[in-house]
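Values quoted throughout were computed directly from the atomic coordinates according to the rules given, and no laboratory measurement underlies them. Owing to the predicted nature of the structure, the values given are computational and were not obtained by experimental measurement. Positions of Cβ are generated from backbone atoms using ideal geometry, with glycine treated the same way; all protein chains shown enter the neighbour counts.
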Amino acid sequence: MRDALAQLRRYAAHDHACLLLEGERGCGKTILARHAHELSPRRGRTFRAISLAAADDALVSSDLFGHAKGAFTGADSARAGAIASAAGGTLFLDEIGKASKLIQGKLLHIVEEDGEFFPVGSDRPVRGDVRFIFAANEGLVALVDQDRFLADLRDRISAFAIHIPPLRDRASDIPDLVRHTAAVRAKRCGYSDRPPSFDDALMHALERDAWPGNLRELVAAVERLMIDAGGAPVISLAHCTGNLERLRGARGARRGTLTRPLVLQAILDAGGNKTVAAAQLGVSRKTIHEYVKGTTQPGMHGAAPPL
């Protein structure tokens, strides 16, 4: 994560250039986009965030580019879109990989023509002074290969690309993230004086969880722990309820003997992601693969790596 933040700080000042943030869902792309805005010369101006995942091109076009009066049924007056309303500031466009080819083509025109665009239903070009930050969950190279993304747009926006690693690859960040979340969300979770602390056993379990939902999932888990703790000053594994009960057995599962059914269930729980299942069980992906193929005997890989 240090490398990603160093890149962000280095690129943020060059506010003429588009940024591309790539990473799994929930890994904090919106937070980093806002951070880049605050580090740029555009700080103090508008920051807007829009998801491009909507299936309706007309809605996305209107939200982005605005529309002229009479452009479509119900357009009783002209409307400025996000690009115009964020003039002088930063526009964060999430889920760029899910935008249609039509929207991609319009965005390519904007970034190549120094901010020029056409509101829906208008033949008069408008120029918007805005810094674009794009975000994608999937690799754009693969989408280009699948003919789902314009190669020209990918080439244009990926010069300043920053990869954000998933939370499972930066477990050392988790204690600070947990403490920060507890401090920020304490009041809404019933702590009026000071935020709670987390005992060592719980913190170790949080560090070793796979967190397929990344930062978004971790924040939600911390909020639930604080609410379930009912104001207790120290939160422990005993406060883990519902789907967080998995944290209670995390250490025991890794130290026990693996079985093929246990491995297959872990893969199922991880949505078929063997890397996540391996992290959850505390073994290598190779070990997971061996159990799936049935080439590993019980007891060969039961011990967990040292904490």
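Worth a mention:
- Taking a Cβ cut-off of under 15 Å around GLY242, the surrounding Lys, Arg, Asp and Glu residues balance to a net charge of -3, with basic ones at +1 and acidic ones at -1.
- Residues ASP94, ASP152, ASP114 arranged by fewest to most Cβ contacts within 10 Å: ASP114, ASP152, ASP94
- Of all DSSP beta bridges in the chain, antiparallel share, percent nearest 5: 15 percent
- Value of D in µm² per second that Stokes-Einstein yields for region 1-141, Kirkwood Rh from Cα pairs, at 4 °C (1.567 mPa s): 83 µm²/s
- Dipole in debye (nearest 20) - region 171-248, about Cα centre, beta carbon charges: Lys, Arg +1; Asp, Glu -1: 240 debye
- Karplus-based coupling profile of region 144-154, in residue order and whole Hz: 5, 4, 8, 6, 10, 9, 6, 4, 5, 6, 4, with θ = phi - 60° in 6.51 cos²θ - 1.76 cosθ + 1.60 and x standing for Gly or Pro.
- Square roots of five times the Cα gyration tensor eigenvalues for region 171-248, Å: 18, 13, 11
- Sequence-distant residues sharing a close amide H with PHE149 (under 5 Å, placed H): VAL144
- Inter-centroid distance (Cα atoms) of region 125-148 relative to region 47-64, Å: 13 Å
- Amide H partners (placed H, <5 Å) of ARG25, local residues excluded: none
- P(r) histogram, all alpha-carbon pairs of the chain included - 20 Å bins from 0, percent: 28, 47, 23, 1
- Residues with amide H under 5 Å from that of LEU20, placed H, sequence gap 5 or more: PHE134, PHE160, ALA161, ILE162
- Sequentially through region 214-227, phi angles give Karplus couplings (6.51, -1.76, 1.60; θ = phi - 60°) of 6, 4, 4, 5, 4, 4, 4, 5, 5, 4, 5, 4, 5, 5 Hz, Gly and Pro residues having no value and appearing as x.
- Signed unit charges on C-beta, dipole axis of the chain, positive-most listed residue HIS180, GLY272, LEU102: HIS180
- Note, ³J(HN,Hα) from phi for region 29-46, Karplus 6.51, -1.76, 1.60, rounded to Hz, x at Gly and Pro: 5, 5, 4, 5, 4, 5, 5, 4, 4, 5, 8, 9, x, 8, 4, x, 9, 5
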